[in-house]
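Any read-out appearing in this document is the output of simple, stated calculations on the displayed coordinates, not a laboratory observation. As the structure is a computational prediction, the values presented were derived from the model and not from experiment. Here Cβ is always computed from backbone atoms with ideal geometry, including for glycine, and neighbour counts include all displayed protein chains.
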Amino acid sequence: MATAKTKTVWFCSHCGNEYTKWMGRCPACGEWNTMVEQEVVTGKKTGTMAVPGASRKPMPLKDVSATQEDRVSLGSAEVDRLLGGGIVKGSLVLMGGEPGIGKSTLSLQLPLHRPELKTLYVTGEESVKQVKMRADRLGGDASNCLIYSETDMGAILAEAEEVAPDLMIVDSVQTMYCQQVDSTAGSVSQIKEVAAQLLRFAKSSGIPVILIGHITKEGTIAGPKILEHIVDVVLQFEGENRGAYRVLRSIKNRFGSTSELAVFEMTGSGLREVANPSEMLIPMHEEGLSGTAIAAMLDGNRPFLFEVQALVSSAVYGTAQRSATGFDVRRLNMLLAVLERRAGFKLGQKDVFLNMAGGLRITDPACDLAVICAVLSSNFDYAIPADVCFAGEVGLSGEIRPVSQAARRATEAARVGFKRIFVSSYTHFDVKPQGIEVVKVADIPALVRALFK
Ligand code: TYD
Ligand code: MG
């Protein structure tokens, strides 16, 4: 057996790749200034990863039985849906998010509201007393929930094997450590090893594990990013800490679809599920306010409506500012350039601020049309009627392009009380939407004529 040796290596805190020397830019992921120095012990065996149920020999694919994964309901309709119908037995789920966003709250709330599941809640961050105080706030039934304050993975896994819970929660990956690895808790090599050990435990025992991980806005703390390819599922909390709404998004799921999202509201007694996001995302849409437009969106498979807010004002300093919250600023710049070149709006000397209501991060291109309309509405100081919404992508020549599943978007808009939806002229409806007038526009000038006449 090789003897243990210590060597210094460099890790990219963004993608987790390992290098023998420092580099300004990580060749693997292309990020700058992400290298962190770390001492690792080589020669010690930390085990290999084996997936149980995996055959030792190659076998014809046609002989592999494809039964449904065994799933356990977590008692929350929204979280179950996000996971693809409950948590898969033996899976490792990473729940990431900024500090204070509600990861501990949600992960404790789940077992309290589903006492049928024997749960082992391992906390490395809070004392047992603190967890108890939180549990009292959350209500529910704590009789089948075991709290364990520990950070040593060896002790945790031994205890977990003994207890054999139906669900294990580990809060958080940054506070746990493995004795085999010679660096401090929270370092890249510890985080990787903690996750690898939990994955091995989950796979061999069949117990589903929820692992909590902190991330910062800049993503500078080593953690969830480098774990994404180890774990089975990544759920990520988004939202503004100041606001009451939190969005939980599935960004990776080996057993279901991604880009699904669930909305929660932080209340005095924990997180409340918001089953219909349309109603919460347009909370105070008043008649007569310029600079807002409603987009008919699709998240994963569910249509909902939400508000885009823009503020256009004369640039105070020489160069105009562009800022976007929850929306890609490059996409905003492109849309502004299209408005300037193809439709003659002089926005060059204007500051433009864009905000997606509710702290949501939007990637659906169907949102373009609402962004353009919110910008124009603010620029003209003209309020878009409150019963109008939009679904269209904007192309570089100013054309408005059709979006997927237009009929479902229009139907949802009609259901929550919208009277008119603006879409591309080329939109194809598989079923004709009922109870809402469809306004088809081919390009930006046509849109302006139809809307701001
Ligand atoms: P927490 O779940 O500890 O966040 P994380 O584990 O992601 O760091 O806390 C979320 C915030 O929510 C915290 O500032 C306190 C607040 N909170 C409530 O408003 N209501 C509640 O019932 C609880 C438990 C927390
Ligand atoms: Mg916490």
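Relative to the longest principal axis of the Cα atoms of the chain, helix 103-112 runs at roughly 70 degrees. 3J(HN,Hα) along the range 271-277, derived from phi through the Karplus expression 6.51 cos²θ - 1.76 cosθ + 1.60 where θ = phi - 60°, amounts to 8, 9, 6, 9, 5, 10, x Hz, with x in place of Gly and Pro. Per residue, the Cα convex hull of the range 382-450 amounts to 78 Å³. Evaluating 6.51 cos²θ - 1.76 cosθ + 1.60 at θ = phi - 60° for every residue in the range 131-142, the Karplus couplings come out as 5, 4, 4, 5, 4, 4, 5, 7, x, x, 10, 9 Hz, glycine and proline recorded as x. For the chain, C145, C178, C367, C373, C389 stand unpaired, since no other cysteine beta carbon lies under 4.7 Å from theirs. Relative contact order of the chain, taken over Cα pairs closer than 8 Å and 6 or more residues apart, is 12 percent.
Close amide H contacts of C389 (hydrogens built in the peptide plane, cut-off under 5 Å, sequence separation of 5 or more or a different chain): R420, I421, F422. Each peptide among 9-18, 314-323, 78-87 gets the average number of other Cβ atoms lying within 10 Å of its residues, and from highest to lowest they stand as 78-87, 9-18, 314-323.
Using C-alpha pairs under 8 Å with a sequence gap of at least 6, the mean separation divided by the residue count of the range 99-213 gives a relative contact order of 27 percent. Modelled spin labels at D70 and D430, positioned 7 Å past Cα toward Cβ, are 3.6 nm from each other. Computed packing ranks the peptides 121-133, 369-381 as 369-381, 121-133, most packed first, by mean other Cβ atoms within 10 Å.
Just so you know, the Rg over Rh for the chain is 1.03, from Cα atoms, with Rh as the Kirkwood radius.
Against the main long axis of the alpha-carbon atoms of the chain, helix 329-343 sits at an angle near 20°.
With a simple spin-label model that places each label point 7 Å from the Cα along the Cα-to-Cβ direction, the separation between L61 and V329 comes to 4.5 nm. Residues whose amide H comes within less than 5 Å of that of I210, counting only those at least five positions distant or on another chain, are V93, M168, I169, V170 (H built at 1.01 Å from N in the peptide plane).
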